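Working notes, beginning with the structure itself.
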Amino acid sequence: MSMFIKLSVHYYDDVVLASLEDAHEVMFTRGLAYCGRTPTGGLILRSKVLELTRKTTQAQALRVAERLCQPVGDFEGPWVKVAAGYQVRNWSHYQDQLDQIESRRKADRERKRSERQRKTVRGTSRDMSQDESRDVTGGDKEREGDAAAAARGGSVDLPGDLLVLRTKFREWTALAEVSWSSLKADQVAEISQLIATHGDTRLLETAKATHRSAAFVQAFIPTWRDLAGPRLVAADEPRCDVCGTTERRHDAAAYADHEFQEAS
């Protein structure tokens, strides 16, 4: 079934159609539409003729159809009467070219559908490949990033304490992809100070709890800054042979007091 038919924009210049009434033109054009919708090869069944008219009787419809089969002078009518009904004369003139167009359109649709399927398959394969690569070569990608940053002049010469912390990051899956390659000198210094204050284990545990897919290690710096500092622990001093005190005080303060009294 075709949803279209070919109809010349000059069809009404046909000598036969031009000499007939509006009812004949209506039946002619509706007949083409019927043949395009129904795969009859241009045949219009006698029982269908009434459907091709406007508010008329079967007898009147048949008379209109008969008139379309009659010539006008040397010009043949657009229809030919046959046993089953009426055959559109030169149906191939109206339909063959359209069939070719429809075939090309169908081929284009199939080609585009195949292309979409191939793209979908390639996209799926690429995603799977990226996932596998991410799982297996995360450390390699980080090293490549470090090398690229170094080529751009970035600060990637990490001190030993940061290298240890980075190694611990890579041992934990959720933090393995965090980049260390774009750290600036002041950020390196601050992280070193945070390690000295809190220890790398505490920084790592805090990062585990708050990572939320952070892409760069500097994203953790604000959280690490907010960590409570270590508390000074008071120590019970034994009775000092010099000063004789037994009060509790901080280790550093007790030692300084002791040294002062010895010097006196």
Task: Selection within region 36-47 - buried (at least 16 other Cβ atoms within 10 Å of the Cβ) and either among the polar types (S, T, N, Q) or under 51 Å from the mean Cα position of the chain (by Cα) (or both) - done: Gly36, Thr40, Gly42, Leu43, Ile44
TODO: Hey, could you check region 67-83 for residues that are touching a residue at least 60 places away in the same chain (Cβ under 8 Å) and touching a Leu at 6+ places or on another chain (Cβ under 9 Å) and say which is farthest from Arg30 (Cα to Cα)?
DONE: Gly77
Open item on the list: Any residue that is buried (at least 18 other Cβ atoms within 10 Å of the Cβ), closer than 30 Å to Lys106 by Cβ and hydrophobic (A, V, I, L, M, F, W, C) - is there at least one of those in region 54-68?
Closed with: no
- [ ] Return yes or no: is Tyr86 assigned to a helix (DSSP H, G or I), among the aromatic types (Phe, Trp, Tyr) and in contact (Cβ under 8 Å) with a residue 12 or more places away in the chain?
- [x] no
- [ ] For Ala148, work out the one condition from (1) at pLDDT 55 or above; (2) farther than 18 Å from Ala214 by Cβ it doesn't fulfil.
- [x] (1)
TODO: Being within 14 Å of Arg89 (Cβ to Cβ) and touching a residue at least 12 places away in the same chain (Cβ under 8 Å) narrows it down to one of Val64, Val49, Val15, Val26, so name that one.
DONE: Val15
Task: Residue list for region 1-29, restricted to those being charged (D, E, K, R) and under 46 Å from the mean Cα position of the chain (by Cα) - done: Lys6
TODO: Looking only at region 15-35, decide whether some residue is surrounded by 14 or more Cβ atoms within 10 Å (Cβ to Cβ), touching a Phe, Trp or Tyr at 6+ places or on another chain (Cβ under 9 Å) and hydroxyl-bearing (Ser, Thr, Tyr).
DONE: yes
Task: Arg143 being among the basic types (Lys, Arg), within 17 Å of Trp224 (Cβ to Cβ) and at pLDDT below 80 - done: no
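The values are calculated or read from the model by the stated rules, or taken from the named source; none is laboratory data. Computed from a prediction, not measured in an experiment: that's the story for all the values here. Every residue, glycine among them, receives a Cβ derived from its backbone with ideal geometry; neighbour counts consider all protein chains shown.
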